[in-house]
Structures are given as C-alpha cells and as structure tokens.
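The values are calculated or read from the model by the stated rules, or taken from the named source; none is laboratory data. A quick note: this is a predicted structure, and the numbers were derived from the prediction, not measured. All Cβ positions, even for glycine, are placed from backbone atoms using ideal geometry, and neighbour counts span all protein chains on display. Ligands, DNA and RNA are stripped out before the accessible areas are found, and what is left, the full protein with its side chains, is counted by its heavy atoms. Shrake-Rupley method; radii C 1.70, N 1.55, O 1.52, S 1.80 Å.
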Amino acid sequence: DGSKITITRRHCLLTNRGWTNQMQVGDYVCVPSTIVWQGADEDLDLVTFLAWQIAEGHELPSRATLTITQKDSARLDYLRKLLDVIGRRYDLKVNNPAIHYPKDESSPYLTINSRSYQQFLSARGYAWGNLSRDKGIPDFVMQSSKECVSCFLRNYFEAEASVVMSMRGIEISTASHILMQQLSVLLRRFGIWIRVTTKSKCATNGS
C-alpha cells in the first residue's frame with residue numbers, strides 16, 4: 001500500500017528467512033496486519049465537521065473564511081447546525097454561517113467566517129488555509145480513539161469516496177500524498193489495507 005519504514009543499521013526485520021537486516025532480492029518482510037493504538041476520545045461532533053471540512057472545504061489562507069461545497073443542501077444544513085453546536089460548546093463566535101444557492105445552478109455551498117473557529121483549530125494543530133495538495137489530518141484526530149477514527153473515516157469517505165462496481169471496490173482520490181498516507185494508517189487500525197496508485201489528470205489550464 002506504499003507504506004515505508006525507516007530503521008537503523010542495527011535493526012532487524014522479520015523475513016521469510018527469519019530476523020535479519022541483510023536484505024536480498026526476493027525477501028518478504030512481515031508487517032502487522034492491524035495497527036494497535038489506544039488513543040484518547042475526542043469530540044465526535046468536531047471530528048465529523050472536520051472530516052467534511054478537509055474533504056470538501058476551501059479555506060482562505062489570509063482570512064478566517066471556510067467554504068464547503070456539496071450538492072446535498074440537507075447535508076450543508078446539517079453541517080451548519082453542527083458548527084453552531086460546536087460554537088456553543090467551546091464558546092466560539094461562528095457568526096451565523098449561511099448556505100448559498102448560485103443562480104447558475106451549480107452546487108450550493110456553506111460559507112463560514114469565524115476567526116474564533118480558525119484560532120481554535122490552529123491551537124489544536126490544524127494547518128488552516130492549505131491547498132488540496134498540502135492538506136492533512138491533524139494529530140489529535142490521528143492519535144484519537146478507535147471510535148473517533150471510525151467517525152472521521154465514515155464522514156470523510158461519505159464526502160469523497162465513490163463505489164467502483166466494475167472493480168468491486170471503493171475509490172478515493174486526493175492531490176495530497178500526506179493525506180493518503182494518513183488515511184492508510186487510520187484504516188490499518190481496523191485491519192483494512194488500501195492500494196495506492198498515481199493518476200495524472202489534465203487541469204483546465206492544460207497542464
């Protein structure tokens with residue numbers, strides 16, 4: 001699945017020839033099928049909202065503005081109400097987030113302008129304003145309990161994943177290599193392995 005490990009000269013790996021650090025062509029290296037990690041519980045409402053923010057959100061680096069675009073307006077309304085709950089719970093000024101419906105019939109979007117929410121996430125290690133290729137999951141989610149990780153994955157995959165019937169699989173794509181590696185680690189906590197491949201797509205500017 002593209003996983004990597006860094007070791008010192010004195011470390012040994014379990015191979016089909018036993019424990020060794022003298023690797024040869026054709027060797028198999030054993031890795032744990034499931035990653036065991038006893039993490040801390042986090043706020044499931046915050047984890048849910050953050051999953052959608054990372055998946056479908058666009059943040060302005062120089063401003064505390066977040067836009068989440070989604071065809072399902074009912075989902076946007078749910079996220080708007082969820083942010084209101086989070087704001088009251090942590091005493092954040094969320095400034096009445098609103099759903100907009102473009103006249104050209106493109107997808108509706110939820111707009112949030114809240115410096116208080118931006119600073120709250122930044123204090124918890126979230127990097128605000130990253131473009132798609134630089135997005136990542138904050139450490140407090142990566143190190144959280146299995147229940148919280150399950151909540152994050154459910155919502156992230158609901159936002160980003162698609163079922164490919166011909167391949168009998170679920171496909172998810174991202175421009176961020178870091179985010180894909182993080183998703184791989186989180187899924188391994190449930191014994192789920194992914195296969196990572198790279199696809200080149202033509203951008204609207206022809207590159």
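How about region 52-85: which trypsin sites (Lys or Arg not before Pro) there are in a DSSP loop, with at most 15 other Cβ atoms within 10 Å of their Cβ? Please list the in-between numbers first.
On the way: sites: ARG63, LYS71, ARG75, ARG80, LYS81; in loops: ARG63, LYS71.
Those that pass, being in a loop and sparsely packed, are ARG63, LYS71.
Taking every eigenvalue of the Cα gyration tensor of region 47-161, multiplying by 5 and rooting it, what semi-axes result, largest first, whole Å? All intermediate terms of the calculation are to be shown ahead of the outcome.
Values: eigenvalues 87, 58, 42 Å².
Taking √(5λ) for each eigenvalue gives 21, 17, 14 Å, largest first.
Which of (i) 19.4; (ii) 17.8; (iii) 18.6 is the computed Kirkwood radius over Cα pairs in Å for the structure on display?
The listed entry that was calculated here is (i).
Please label the shape of region 51-99 as rounded, prolate or oblate, based on the square roots a ≥ b ≥ c of the eigenvalues of the alpha-carbon gyration tensor (a/c under 1.5 means rounded; beyond that, a/b larger than b/c means prolate, else oblate). Before the final figure, lay out each step's value.
On the way: a/c = 1.84, a/b = 1.11, b/c = 1.66.
Note, shape of region 51-99 comes out oblate.
Using the heavy atoms of the protein chains and a 1.4 angstrom probe, tell me the accessible area per residue for region 1-112 in square angstrom. Let's see the in-between values first.
Values: 7540 Å² over 112 residues.
Heavy-atom SASA per residue in region 1-112 reads 67 Å².
Take the solvent-accessible surface of the protein heavy atoms, probe 1.4 Å, and return the percent of it on the chain that carbon and sulfur atoms account for. If you can, show how the numbers build up before the last one.
Working: 6830 of 13390 Å².
After summing per-atom areas, the C and S share lands at 51 percent.
Within straight cross-link reach of LYS199, meaning Cα distance under 19 Å, which aspartates and glutamates are found once same-chain residues fewer than 8 apart are removed?
By straight Cα distance, LYS199 reaches ASP1, ASP134, GLU160, GLU171.
For LYS81, which lysines qualify as cross-link partners when the Cα separation must be under 30 Å and same-chain residues fewer than eight apart are set aside?
Those lysines meeting the cut-off are LYS71, LYS93, LYS103, LYS135, LYS146.
With springs connecting C-alpha atoms under 10 Å apart, model the chain as a Gaussian network and identify which of SER166, SER33, SER106 has the largest mean-square fluctuation.
Of SER166, SER33, SER106, the most mobile in the Gaussian network model is SER166.
From Cα pairs below 8 angstrom and at least 6 apart in sequence, can you work out the relative contact order of region 149-207, rounded to a whole percent?
Taking the mean separation of contacting Cα pairs over the length of region 149-207, I get 18 percent.
Select from ALA98, ALA123, ALA175 the residue whose mean-square fluctuation is largest in a Gaussian network model of the chain (Cα-Cα springs shorter than 10 Å).
ALA123
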